[in-house]
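K.L.:
For reference, the structure I am asking about is given below.
The values are calculated or read from the model by the stated rules, or taken from the named source; none is laboratory data. Keep in mind the model is a prediction, meaning the values are calculated, not measured. Every residue, glycine as well, gets a Cβ built from its backbone with ideal geometry; the counts of neighbours run over all protein chains shown.
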Amino acid sequence: MAERRRDALCDLPLLDLAELIRTRQISPVEATERVLERIVSLNERLNAFITVLDEESLQEARNAEREILAGHYRGPLHGVPISVKDLFATKGIRTTAGSRVLAQHRPHADATVVTRLREAGAVLIGKTNMLEFAYAAVHPDYGPALNPWDPTRSSSGSSSGSAVAVAAGMGYGSIGSDTGGSIRIPAAYCGIVGLKPTYGRVSRHGGIPVSWSADHFGPMTRTVADAAALLGPIAGQDPRDPTSADIPVPNYAEKIDAGIAGRRIGITDAYLRQHVDPTVEAPVNRALTTLERLGATIEEVTLPPPSETVPALLAILMPEATAYHLPWLRSQPDSYSQAVRERLELGALTPAVSYLQAQQARRRIVDEFLEAMKRVDLLVTPTTPTAATPLEGDLTTGDDAAPEVLAALINFTGPFDLTGFPAISVPCGFTESGLPVGLQLVARPWEESMLLAAAHSYEQETDWHRRLPPAIPA
Amino acid sequence: MSETEREGEQIPLIRPLSADLLRAMAAMVGLELPAERAAALVTQVEPHFALLHALDEIAHPSTEPAAEFHLDAWRSAFDG
C-alpha cells in the first residue's frame, strides 16, 4: 500500500499554516473550522480530547483574523489552533487532569503556558485526554486515547491525547507534560515530535503537578521546527514558578538550520541496546548512520545506567506525587483508578530517608552526565524500548501498578527528567507492522537550540514525519 | 568508611511485609488503608522496597541532596 502524506490543510506542519495565515491565504477562522471538522470526524473514535472548545476557539479565531487584517500580526502562533493537555489550568474552562477528583474543576486563572500561548495569538482548540493525574494509568471515566496508527495499540502517556491529536491533524501542536517520559513516549508511539525542555525553562505555574522537582512542560508537534516555534513563546522565567530560570530564551527558529556537522554524539550500550526490541534497534541504528552522514561523529561514553537513574527518579516522584494528593487520598480514595491509587499509596509508604538518598543520588548522577557531556554535545538513544504495545494489558490501561513495569517503560526517558537535561523524540522509522519508532536526542542544560538544530537536521534527511496515520480518512 | 564496611551494614528486607504492617505505616501519615486494600498492596510493596534499597548502592551519604531552596526566586515572586 502506498504511504499517504500530509497534504490536507489539517495535516500541514504548524509553520506551513502560519505562513498561509501571515500571507492571508488562509484565515484563522477557516483553519479553526477545518480542525473542528476533523475533531468531529475522529474524536469519537480516537478519544483525544476531554473538552473541545468549539465556540470559544472560533471566537478566538475571529479575533485573530481581525487583528491580522488590521496589520497586527503577532508571530507564527497567531491564529493557529493549538491544544493543551487537560492538566493546564484554563480560566473558567473545565480542567480535569483526566481524573474523577477534578471532574468539575474550573480554575480561576490560566496556567502560565496558556497565558503565553494566548499572548502569542494561538487559538485554544481544546483540552486533551491524558492519563489520570499524569500518573501512568487511564481513569475509566475517560478511557484511553487510541493510537491513530493502530487503535489496538497504546498511545501510552501521560500526554496521550496530545500525541493522538497532533498525529491525527486535530490541531497543529499541543503542550504536554513530562515527568518520566510523558511527552516523549506518546510522541514516539504516535509518530510525532515531543520536546522536553530543560527543567526551569518553561514555567510550571498552573500545571497540576505529578512531581514538583521532575515535572517539565513542552511542545508536541509534527515537525522539529514546529516544536521550536511553540517553545519560544512559552519559555522564560516566571515569577510565579520559583524554579523557573532567569536564563535568556534564544530565538530557536533563527538557529534551527545550524545543522549537526561537527557535533559529537555519545552512545552507550545501556542506553542503546539493552532490553531494546529489534524492531526499534534497527531504525535507531540507521538513524545513527544518517547522523554520521550529516557530519556528526559518534563515540562511546560512560553514563550512569538506567538501573541507577530510574530508581532514583521513582523514589523522588512517588512521594512527591503522594504529598500533593494526600488530602484527596484521605478524603476520596475511591475516586482514583486502582493503579493510580496504589502508586499513591506506595508513595505514602516511602521513607523520607529513601527520598533523600534519591536526591543524593540525583546530585551525583547529574554530575556524571555533565562530565560525560564535556566530551560530547549530544546523546542518542531510542525513545522507548519497543514500539507501541497492545492496548490490552498495557501499563496504562491495566490495574498493575508494579514499579518495575513502569521503570522498564521509562528506562531511556526518565533519566532526563531526573537530571533535567533537554531531550527530544523524533520519528526515525517504522516497524514492519507499521508502528512508528522514536529516536531520542539529549543535550546539555539550556542547549535546546543545538538540540533542535540537530533534530531538525536529521528530520530533513528523512520523511518519517510526513507519513499519515491510517486513522485519518482519505 | 570503606565500601566493604558499608556493604556489611546493609539491612536485609523484612519479610514478610504484612498487610497489618502496611496499614500501620499508612496510618502514620493519616492514610486509612482498609484491610483488603492493604492485602492487595502487599504484592506491590516488595518490589517497591527493593527499588528503594537499590538507593543504598547509588547514594553517597556525604553528598548534598539535589533538592534546594531558591530564596532568590521567592524574592522575585514577592516583588513581582
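K.L.:
Out of the residues in region A:36-76 that are among the β-branched types (Val, Ile, Thr) and assigned to a helix (DSSP H, G or I), state the one that is nearest to A:Ala145 (Cα to Cα). If you could, list the steps in order and put the result at the bottom.
P.N.:
Start the filter on region A:36-76 by keeping residues that are among the β-branched types (Val, Ile, Thr), which leaves A:39-40, A:50-52, A:68.
Now narrow it down to the ones that are assigned to a helix (DSSP H, G or I): A:39-40, A:68.
Numbers: A:Ile39: 13, A:Val40: 15, A:Ile68: 35 Å.
Selected residue: A:Ile39.
K.L.:
Search region A:355-364 for residues being surrounded by fewer than 24 Cβ atoms within 10 Å (Cβ to Cβ) and under 22 Å from A:Ala136 (Cβ atoms), and hand back the single one that is farthest from the other protein chains (Cβ to nearest Cβ).
P.N.:
At the first step, the residues of region A:355-364 found to be surrounded by fewer than 24 Cβ atoms within 10 Å (Cβ to Cβ) are A:355-356, A:359-360, A:363-364.
Restricting the remaining residues to those that are under 22 Å from A:Ala136 (Cβ atoms) gives A:355, A:359.
Working: A:Tyr355: 9, A:Gln359: 3 Å.
Among them, the one singled out is A:Tyr355.
K.L.:
A:Tyr324 fails exactly one of the following numbered conditions: (1) modelled with pLDDT of 95 or more; (2) in contact with an Asp or Glu (Cβ under 9 Å, 6 or more places away or on another chain). What is the number of that condition?
P.N.:
Here A:Tyr324 meets the rest and fails (2).
K.L.:
Right, next: Wholly within chain B, which helices (runs of 4 or more DSSP H) include no fewer than the required count, namely at least 1 residues that are within 9 Å of chain A (Cβ to nearest Cβ), in contact with a Pro (Cβ under 6 Å, 6 or more places away or on another chain) and modelled with pLDDT of 85 or more? Give the derivation first.
P.N.:
Working: elements: B:3-8, B:19-28, B:35-58, B:71-79.
In chain B, the matching helices (runs of 4 or more DSSP H) lie at B:35-58.
K.L.:
Another question, if that's okay. Restricting to region A:64-104, count the residues that are over 23 Å from A:Asp226 (Cβ atoms) and surrounded by 15 or more Cβ atoms within 10 Å (Cβ to Cβ).
P.N.:
The total comes to 13.
K.L.:
Filter region A:192-210 for residues that are assigned to a strand (DSSP E or B) and under 16 Å from A:Gly98 (Cα atoms) and give the result. Even if it seems obvious, please write down each step before you answer.
P.N.:
Of the residues in region A:192-210, the ones assigned to a strand (DSSP E or B) are A:193-196, A:202, A:207.
Passing the criteria: only A:Gly207.
K.L.:
Name the one entry in A:Thr297, A:Thr309, A:Thr279, A:Thr302 that is facing chain B (nearest Cβ under 10 Å) and farther than 30 Å from A:Asp141 by Cα.
P.N.:
Values: A:Thr297 fails: facing chain B (nearest Cβ under 10 Å); A:Thr279 fails: facing chain B (nearest Cβ under 10 Å); A:Thr302 fails: facing chain B (nearest Cβ under 10 Å).
Every option except A:Thr309 fails the conditions.
K.L.:
Sticking with this one: So which of A:Val276, A:Val301 is modelled with pLDDT under 95 and either surrounded by fewer than 23 Cβ atoms within 10 Å (Cβ to Cβ) or among the acidic types (Asp, Glu) (or both)? Show your work before the answer.
P.N.:
Numbers: A:Val301 fails: modelled with pLDDT under 95.
The unique qualifying residue is A:Val276.
K.L.:
Now a separate question. Report, by residue number, each residue of region A:305-318 that is farther than 19 Å from A:Asp178 by Cβ and either buried (at least 24 other Cβ atoms within 10 Å of the Cβ) or not acidic (Asp, Glu) (or both).
P.N.:
Of the residues in region A:305-318, the ones farther than 19 Å from A:Asp178 by Cβ are A:305, A:307-308.
The answer is A:Pro305, A:Ser307.
K.L.:
Another question, if that's okay. Evaluate the following for A:Glu368: is it crowded, with 22+ Cβ neighbours inside 10 Å and more than 24 Å from the chain's Cα centre (by Cα)? Can you show your working first?
P.N.:
Values: crowded, with 22+ Cβ neighbours inside 10 Å: no; more than 24 Å from the chain's Cα centre (by Cα): yes.
In short, no.
K.L.:
Is it the case that some residue within region A:335-342 is within 24 Å of A:Ala187 (Cβ to Cβ), surrounded by 19 or more Cβ atoms within 10 Å (Cβ to Cβ) and of a type in the set (Lys, Arg)? Before you say what the answer is, go through the steps one by one.
P.N.:
Step one: of region A:335-342, the residues within 24 Å of A:Ala187 (Cβ to Cβ) are A:337, A:339-340.
Right, trim to surrounded by 19 or more Cβ atoms within 10 Å (Cβ to Cβ) and you get A:337, A:339-340.
Narrowing further to those that are of a type in the set (Lys, Arg): none.
So far as region A:335-342 goes, no, none of its residues is within 24 Å of A:Ala187 (Cβ to Cβ), surrounded by 19 or more Cβ atoms within 10 Å (Cβ to Cβ) and of a type in the set (Lys, Arg).
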